[in-house]
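This report concerns only the one structure given below.
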Amino acid sequence: MATLYDAPVDELVDELASELEDRLDEPDWAQFAKTGVGRELPPEQEDFWARRAASILRKVAMEGPIGVKRLATAYGDTTDGSNRYRVSPPDSTSSSRNIVRTALQQLEDEDLVEQQHNRGRVVTAEGRSLLDDTAGEVIENLDRPELERYA
């Protein structure tokens, strides 16, 4: 049986996003909000909210217990220094914590993630089952011979 560790990340997140798209509601403000300080425009993907939620669910399953701050740092970006002359060195910036927090709250409402006291969030048994089932489907649909042993 395949687990989320066996499936390629891109295909797993794509498939998981298509499953979460009808379960999660994108907030009204999400189409106008930037994903972080280092960005100039909001995301252009049609299914951005479902993709980010799927990616967050995978990260919580792999690195949990994990909090909003560490997730925002993981989705962060780098800036090129000052805007005018580019004389200051690059600096790292974190992503929008509101996007991460809202996605986590929606995943909690779907019983895929739960809070573990004050340590952060962990994936539930239902969330782990969804991830593993999706990973099994991804591996079955791939045309990569090196992954056949996991199917």
Got a number for the accessible area of L142? Probe 1.4 Å, square angstrom, nearest 10. 40
Averaged per residue, what accessible surface does segment 1-139 expose to a 1.4 Å probe, in Å²? 58
Over the alpha-carbon set of the chain, work out the extent along each principal axis and list the three values in angstrom, largest first. 54, 38, 29
On the accessible surface of the chain, probed at 1.4 Å, how many percent belong to carbon and sulfur atoms? 42
Given a cut-off of under 8 Å on Cα pairs at least six residues apart, what relative contact order in percent is computed for the chain? 31
Within the chain, what's the longest run with no chymotrypsin sites (Phe, Trp or Tyr not before Pro) in a DSSP loop and at most 14 other beta-carbon atoms within 10 Å? Give the range, please. 86-151
Approximate spin-label separation R23-V9, in nm, with each point projected 7 Å along Cα-to-Cβ: 2.2
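Scanning the chain for GluC sites (Glu not before Pro) in DSSP loops with at most 15 other Cβ atoms within 10 Å, what's the longest stretch left with none?
On the way: sites that count: E40, E44, E46.
Longest stretch, sites excluded: 47-151.
The values are calculated or read from the model by the stated rules, or taken from the named source; none is laboratory data. What you are looking at is a predicted structure, and each value in this text was computed from that prediction instead of being measured. Don't worry about glycine lacking a Cβ; one is built from the backbone with ideal geometry, like all the others, and counts go over all protein chains shown. Just the protein is used for accessible areas: all its heavy atoms, side chains included, with ligands, DNA and RNA removed. Shrake-Rupley method; radii C 1.70, N 1.55, O 1.52, S 1.80 Å.
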